[in-house]
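> Here it is, the structure, as C-alpha cells.
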Amino acid sequence: MNNADYNNIPKDKFVLVNAGQRLTDKKFEDKPIGYFRDAWIRFRKNKGSIVAAIIILLIVLYAFLTPLFITTHSATFLDAYYAKKPARLMSLAKAGMSDGTVTRTFAEGGLVKALGIGVAAEDWTGTGKVTIAQGKESYYQPMKKITEGTLTAEIKGAKPKMVYQNCKIETYLEVGFMYKSVEQSEYARIREWEEQTGLHVLYPLIAKNEYTQDVNDANYWYKTVKGNPVTTKSGTAVQVSLSDDLVLEDNYKRDENGDPVYYEYAGGGDHATAQYKVRVLYYNYYRYLNGFEPEYLFGTDSQGYDLALRLAGGLRLSLLLAVSISAINLVIGAIYGAIEGYYGGAVDLILERIADILYDVPFIVVVTLFQIHLASKVGPIPSLLFAFISTGWIGMAARTRTQFYRFKGQEYVLAARTLGAKDWRIIWKHIFPNSLGTIITSAVLVIPGVISTESMLSYLGIVKLGNSTTTSLGTLLSDAAGIWTNYPHLLLYPALVLSLLMICFNLFGNGLRDAFNPSLRGVED
Amino acid sequence: MGKYVLKRVLLMFFTFFVIVTISFLLIRLLPRELPQDKNLRDVIVARWEALGYNKPLLTQYWIYLKGIFTKWDFGTSWYIQFREPAWNVLMSRLLPTVLVNLYSFILSVPLGIAFGIYAAIKKNKWQDQFISTMVMLFVSVPSYVYAFLVQYIFYFKLGVLPLTVYSLADAGGSWWTGKMFVSMIAPILALSFGQIAGLTRFTRAELTETLTSDYMLLARTKGLTRSQATTRHALKNAMVPILPMIIGTFIGILAGSMVIEQIFSIPGVGQLYIKSINLFDYDIFMIDTIFYTFIGLLAGIINDISYGFIDPRIRMGSRK
C-alpha cells in the first residue's frame, strides 16, 4: 500500500496546466450561417424562382438598355406615315422574320395597285415602259408573295371576281408614293441627295383626267376606271388583266414636249419660300429625311413611335414607380407598424382605427381624386405616386405590427429592457430584424401589384400618362384596344411583357417568402 | 355573437360616414365644368343655384345628407342622363354588371373548388404541379390580357362570339334573352380565369393543411377510408376559411370589374364611373363612390361575421 501524504506535497511538484497559453473557445470549422445566407441557400434550391429572377433581370435590362442599342432614333422619333407597322429588321428579314410583311387577301384591282408601286419605282423618268415582271424585281416592290388567283363563287347579278388569298405584302413599302409640299430650296436639296446616293425620291406627277382614280392617292399612276387598270390604245377604255408582261399605261402629267412633270408650283413668293407640290416615293423620302431605312424591333405604335422604345419607356416608368412606392411604403409602414405593435394598448387602437378607415376607401376613388385635384399642379406621375402611398403602407404596417406582437413578449426583449435599452433601441435593434424577412417579401410583392394596377389605371384613362415623351404599358394597350385585330403586334408585345413581368415577380416573391421562412428549413417536399 | 355583430356593424357605419364625408368634400371642391350649349348652361347654373351648390361646403353637405335621408335623393346626373336622379342612373347600370359577374361566379366557384380539391389530393404529383403552374399563370396575368385573348380566339379566329356585349336594343330589349347571354360569354370567361385560379390556389392551400393534420390521422386510425376521411373531416374544416371568402366575392360581384366592362362595353357600374369622371358628372361620381365604399365595407363585414357562423370555435372566442 502506498501511503502517500497528500496533504504535504512539495510545491515544486505542481505544474500549471496550459501555462503561457491563451484560453479561448475552439474556433468553428465552418463559417457561421447567418439569416440572409440561410435564406439564400433555400432560395437557390427553388429553380422556378431563379428563372423568374433572371427573366425579371432581362426585362429590366431591356427597359434600361434599349435606348442605348437603338442608335438611329430616340423614343420621341415620330413618323406618322409609318404608324402601326409590324416589326422590320433588315438583318432578320432574310431569315423570314421581322420583315414587315402581313398576309392579306387582295382583289385584282388592289393587287395591281400594290404591284404598280414597284413598277413605278423602277420608272423614275416616266417612260411608261416597265413591265409587271420587271416591277416585281424592284427593291421597292411591296408584294412579296402572290398566290394563284381564284374566282369567287357566282353571285346573282355580279360578275365573279378574281381573289388572291394569303398574299404577303410589305407594309412599309406599301405606303408607296405620296404628294408632299416642299420649298424650292428643299427640292434642290433632294435633287442633290439623289445625285449623291443614286436613290430616287422624286417621281413624275399624275395627270388629272377621267382615268384618275383619286386625286389625293399618288399610287394610282396608271390609267384606271373604277380602280381597275385600263388601256386606251384603241380609243376607248378597255380593262386589262394582270400578267407578267403587262405594261400598265401611265397617266403621268406631261408638258408640251411629252416629258413628265416633277413639280407643280403650289404657292408662296420668292425663291426660298415658293412651295412645290411633288410626288415622292415615301420609302426613299424617309431615307432622305433621316439618313437610315425604317427598322423597328417591335414595329411602330399607333401614332408612329418606335414600339420597342415606347415599351421600354413604359416599363421604366412602371418599374421606377413600383420600386419607389415599395420603398416608401416600407419605410412608412415599418415605422407605423412598429409603433402600433410595440406600444399596443390605446396607441394601437387609435392608429389601427385610422388605418382601417383609410384602408376601406376604395382605391380607385383615391386615385381619381388625387388625379383630378393634383395632376394639373404636380403632374400625373407624382399624383399617382401619392395615391399609391396614401393607402399602400397599410398592408406593410399590419404585417410589421403582427411581427412585433409576436416578438415583443420574448425573454430576450425583457433582458434588453432590464439592461436599460431604450424603446427606440429595442424596436430597431432587437425586434425589427426579426420581421425583416416578412417585410422584404411583402415589399417585393408590392411591385407587381403596383405595375398591374398602374397599367390598369392608365388603360382606363383615369391616369393619363401618354404623351410624346412618356407612356405606360396601359396607355399602349388602350391605344391598341380598338384596332388590335388589324394590327396584332400593337397589343402582343406590351401584353406579353406585362404578363411575363407579373408571372415572374409573383414566382420570385413566392420563392423569397419560402426562403425567408426558417420553419421550412429541412422540409423537402 | 350578437354583441360582436352589433359592434362590427356600428364600426362599419362610422367608417362609412367618415369616408363619405371626406369624399363629398373633395368632390365638391372640384372645379365644375359647364357645357358649351348656352341654354343648357343656364339651366344647369340655375339648378345648381337652387340646390345650394354655391353655399359653404358644410352647408352643402348638410343639404346633401338631408336630401338622402328625407327624399332618398343622391343628386342629379347633368351630363350622362340629363336631370335624371343619380340613384336611378346607378340602379339602371346595376343589372348588367351583376348579371355578368353572377354568371362568372356561378362558373368559377364550383370549378375553382373542384380543381383545388383535386390538386390537394394529388399533392406533389404531376396533376398538382400542372394545376399549380396554371394557377400561377392565371393569377399573375392581368384580367384584361385574358379579355383580349378571349376576343382574339372567339371573335377573331373562331368567329363564334361577338366582340362586345350587345346593346339592349340589339339583344331584343331584355337582359335575359339568349342572344344577350351569348354575347356575355366572352366577358364571363375573361372574368372567370382569374377567379378560378385564385379559388383553386386558396382551396388547395387550405385543404393540404387540413389533410396533414392530426385528426385526419385519427380518422384513418379509427377505420375510415381515405375518401371518407377527406370528405367528412378534411373538406369540412377546409371550408371554414373558403366559404367566407366565397361570400365576400359574392358581395363584390356588385362592384364588378371596370376594365372588363370597358373592354366589352358593358353598360355597367364601372363604365358609369369612368364616364362620370370624363364628363365631370360629379353627382354620379359621388354616388358611385358611395356605392363602391359600401360594397367594400359590406363584403368585409360579412366575410368576418360569416366566419363566426360557420366555425363554432371562432364564435366561442368572440364571446368575452
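> Mind listing whichever residues of the range A:345-362 are open to solvent by less than 60 Å² (accessible area, probe 1.4 Å) and either more than 13 Å from B:S23 (Cβ to Cβ) or of a type in the set (V, I, T) (or both)?
Answer for the range A:345-362, where residues must be open to solvent by less than 60 Å² (accessible area, probe 1.4 Å) and either more than 13 Å from B:S23 (Cβ to Cβ) or of a type in the set (V, I, T) (or both): A:G345, A:D348, A:L351, A:E352, A:A355, A:D356, A:I357, A:V361.
> Hey, another quick one. Just name the residue that is nearest to the other protein chains (Cβ to nearest Cβ) out of those in the range B:278-294 that are modelled with pLDDT under 90 and open to solvent by less than 20 Å² (accessible area, probe 1.4 Å). Before you say what the answer is, go through the steps one by one.
Residues of the range B:278-294 modelled with pLDDT under 90: B:278-283.
From what is left, the residues that are open to solvent by less than 20 Å² (accessible area, probe 1.4 Å) are B:281-283.
On the way: B:D281: 13, B:Y282: 10, B:D283: 15 Å.
It comes out as B:Y282.
> Let me ask you something else. Can you tell me which residue among A:I394, A:I357 is at pLDDT 90 or above, under 44 Å from the mean Cα position of the chain (by Cα) and within 24 Å of B:R8 (Cα to Cα)?
One residue alone meets the criteria, A:I394.
> When the residues of the range B:150-180 are filtered to those that are touching a residue at least 12 places away in the same chain (Cβ under 8 Å) and assigned to a helix (DSSP H, G or I), which remaining residue is surrounded by the most Cβ atoms within 10 Å (Cβ to Cβ)?
Checked the range B:150-180; the qualifying residue surrounded by the most Cβ atoms within 10 Å (Cβ to Cβ) is B:Q151.
> Of the residues in the range A:115-129, how many are part of a helix (DSSP H, G or I) and open to solvent by less than 10 Å² (accessible area, probe 1.4 Å)?
Count: 7.
> Any residue in the range A:415-431 that is crowded, with 18+ Cβ neighbours inside 10 Å and among the polar types (S, T, N, Q)?
Looking for residues that are crowded, with 18+ Cβ neighbours inside 10 Å and among the polar types (S, T, N, Q), one finds none in the range A:415-431, hence no.
> Just for the range B:213-237: of the residues that are assigned to a helix (DSSP H, G or I) and among the hydroxyl-bearing types (S, T, Y), which one is surrounded by the most Cβ atoms within 10 Å (Cβ to Cβ)?
B:T230
> Output the number of residues of the range A:405-440 satisfying the condition of being in a loop (DSSP other than H, G, I, E, B), more than 12 Å from A:A338 (Cα to Cα) and not hydrophobic (A, V, I, L, M, F, W, C).
Result for the range A:405-440: 4.
> Quick one: which of A:S181, A:S185, A:S138 is within 25 Å of A:L202 (Cβ to Cβ), in a loop (DSSP other than H, G, I, E, B) and in the same structural domain as A:N257 (by TED's automatic domain parsing)? Lay out the reasoning, then the answer.
Details: A:S181 fails: in a loop (DSSP other than H, G, I, E, B); A:S185 fails: in a loop (DSSP other than H, G, I, E, B).
Answer to the selection: A:S138.
> Oh, and also: Right, B:Y282: in contact (Cβ under 8 Å) with a residue 24 or more places away in the chain and aromatic (F, W, Y) or not?
In short, yes.
> Out of all the residues in the range B:182-194, is one or more without any contact (Cβ under 8 Å) to a residue 24 or more places away in the chain, farther than 30 Å from A:L507 by Cα and of a type in the set (G, A, S)? Before you say what the answer is, go through the steps one by one.
Narrowing the range B:182-194 to residues without any contact (Cβ under 8 Å) to a residue 24 or more places away in the chain: B:182-183.
Next, only the ones that are farther than 30 Å from A:L507 by Cα stay: B:182-183.
After this cut, where a residue has to be of a type in the set (G, A, S) as well, the list is B:183.
Yes: one or more hits.
> Do we find a residue being β-branched (V, I, T), surrounded by fewer than 22 Cβ atoms within 10 Å (Cβ to Cβ) and closer than 30 Å to A:M396 by Cβ anywhere in the range A:273-295?
There is no residue in the range A:273-295 that is β-branched (V, I, T), surrounded by fewer than 22 Cβ atoms within 10 Å (Cβ to Cβ) and closer than 30 Å to A:M396 by Cβ.
> Also, I was wondering about something else. Output the qualifying pairs, or none if there are none: Cβ atoms under 9 angstrom, residues six or more apart or on different chains, first residue in the range A:38-65 and outside the structural domain of A:A312 (by TED's automatic domain parsing), second residue among the aliphatic types (A, V, I, L, M) and open to solvent by 90 Å² or more (accessible area, probe 1.4 Å).
Qualifying pairs under 9 Å: A:I41/A:I33.
> Could you tell me whether B:L189 is of a type in the set (A, V, I, L, M), part of a loop (DSSP other than H, G, I, E, B) and open to solvent by 20 Å² or more (accessible area, probe 1.4 Å)?
no
> Then there's this: Go through the range A:366-404 and report how many residues are more than 14 Å from chain B (Cβ to nearest Cβ), more than 30 Å from A:D348 (Cα to Cα) and β-branched (V, I, T).
2
> Conditions first: (1) surrounded by fewer than 23 Cβ atoms within 10 Å (Cβ to Cβ); (2) within 13 Å of another protein chain (Cβ to nearest Cβ); (3) part of a loop (DSSP other than H, G, I, E, B). B:P267 passes all but one, so which condition is the exception?
(2)
> Something else now. If we keep just the residues of the range A:363-392 that are open to solvent by 30 Å² or more (accessible area, probe 1.4 Å) and free of Cβ contacts under 8 Å to residues at least 12 places away in the same chain, which is nearest to A:I451 (Cα to Cα)?
Of everything passing the filter in the range A:363-392, A:P382 is nearest to A:I451 (Cα to Cα).
> Report yes if some residue within the range B:116-123 is open to solvent by 20 Å² or more (accessible area, probe 1.4 Å) and either under 19 Å from the mean Cα position of the chain (by Cα) or within 14 Å of chain A (Cβ to nearest Cβ) (or both); otherwise report no.
Looking for residues that are open to solvent by 20 Å² or more (accessible area, probe 1.4 Å) and either under 19 Å from the mean Cα position of the chain (by Cα) or within 14 Å of chain A (Cβ to nearest Cβ) (or both), one finds at least one in the range B:116-123, hence yes.
> Which residue out of A:E210, A:E186, A:E170 is under 18 Å from A:G135 (Cα atoms) and of a type in the set (D, E)?
A:E170
Table: residues versus (1) in contact with a helix residue (DSSP H, G or I) (Cβ under 6 Å, 6 or more places away or on another chain); (2) under 29 Å from A:V361 (Cα atoms).
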{"site": "B:T208", "(1), (2)": "yes, no"}
{"site": "B:K275", "(1), (2)": "no, yes"}
{"site": "B:F280", "(1), (2)": "no, yes"}
{"site": "B:D288", "(1), (2)": "yes, yes"}
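> Hey, another quick one. Looking only at the range A:465-488, which residues are within 12 Å of chain B (Cβ to nearest Cβ) and assigned to a helix (DSSP H, G or I)?
Once the filter is applied, which keeps residues that are within 12 Å of chain B (Cβ to nearest Cβ) and assigned to a helix (DSSP H, G or I), the range A:465-488 yields A:L473, A:G474, A:L477, A:S478, A:A480, A:A481, A:P488.
> Quick one: which of A:I447, A:I462, A:I503, A:I451 is aliphatic (A, V, I, L, M), within 14 Å of another protein chain (Cβ to nearest Cβ) and outside any helix (DSSP H, G or I)?
Result of the check over A:I447, A:I462, A:I503, A:I451: A:I462.
> Among the residues in the range A:11-24, are any assigned to a loop (DSSP other than H, G, I, E, B), open to solvent by less than 50 Å² (accessible area, probe 1.4 Å) and either of a type in the set (S, T, N, Q) or touching a helix residue (DSSP H, G or I) at 6+ places or on another chain (Cβ under 8 Å) (or both)? Please lay out each step first, then the result.
At the first step, the residues of the range A:11-24 found to be assigned to a loop (DSSP other than H, G, I, E, B) are A:14-24.
With the extra rule that they be open to solvent by less than 50 Å² (accessible area, probe 1.4 Å), the set shrinks to none.
There is no residue in the range A:11-24 that is assigned to a loop (DSSP other than H, G, I, E, B), open to solvent by less than 50 Å² (accessible area, probe 1.4 Å) and either of a type in the set (S, T, N, Q) or touching a helix residue (DSSP H, G or I) at 6+ places or on another chain (Cβ under 8 Å) (or both).
> For the range A:81-103, enumerate the residues that are open to solvent by 70 Å² or more (accessible area, probe 1.4 Å) and at pLDDT 85 or above.
Of everything in the range A:81-103, those that are open to solvent by 70 Å² or more (accessible area, probe 1.4 Å) and at pLDDT 85 or above turn out to be A:Y81, A:T103.
> If you don't mind, another one. So, of the residues in the range B:127-165 that are more than 8 Å from chain A (Cβ to nearest Cβ) and β-branched (V, I, T), which turns out to be nearest to B:I266 (Cα to Cα)?
Checking each candidate, the answer is B:V165.
> Would you call A:L242 farther than 25 Å from A:E183 by Cα, in contact (Cβ under 8 Å) with a residue 40 or more places away in the chain, aliphatic (A, V, I, L, M) and in contact with a Ser or Thr (Cβ under 9 Å, 6 or more places away or on another chain)?
It is false that A:L242 is farther than 25 Å from A:E183 by Cα, in contact (Cβ under 8 Å) with a residue 40 or more places away in the chain, aliphatic (A, V, I, L, M) and in contact with a Ser or Thr (Cβ under 9 Å, 6 or more places away or on another chain).
> With the condition being surrounded by 13 or more Cβ atoms within 10 Å (Cβ to Cβ), more than 14 Å from chain A (Cβ to nearest Cβ) and in contact (Cβ under 8 Å) with a residue 60 or more places away in the chain, I'd like the helices (runs of 4 or more DSSP H) fully within the range B:1-113 carrying at least 2 qualifying residues. Full working, then the answer.
Numbers: elements: B:2-28, B:38-50, B:57-71.
Output list reads B:2-28.
> Can you name the number of the only condition in (1) buried (at least 18 other Cβ atoms within 10 Å of the Cβ); (2) more than 9 Å from chain B (Cβ to nearest Cβ); (3) aliphatic (A, V, I, L, M); (4) without any contact (Cβ under 8 Å) to a residue 24 or more places away in the chain that A:L491 fails?
(2) is the only condition that A:L491 fails.
The values are calculated or read from the model by the stated rules, or taken from the named source; none is laboratory data. Worth saying up front: this structure is predicted, and the values here are computed from it rather than measured. FYI the Cβ positions are ideal-geometry reconstructions off the backbone, even for glycines, and counts take in every protein chain you see. Each accessible area value is taken on the protein alone, full model and side chains, heavy atoms only, with ligands, DNA and RNA left out. Shrake-Rupley method; radii C 1.70, N 1.55, O 1.52, S 1.80 Å.
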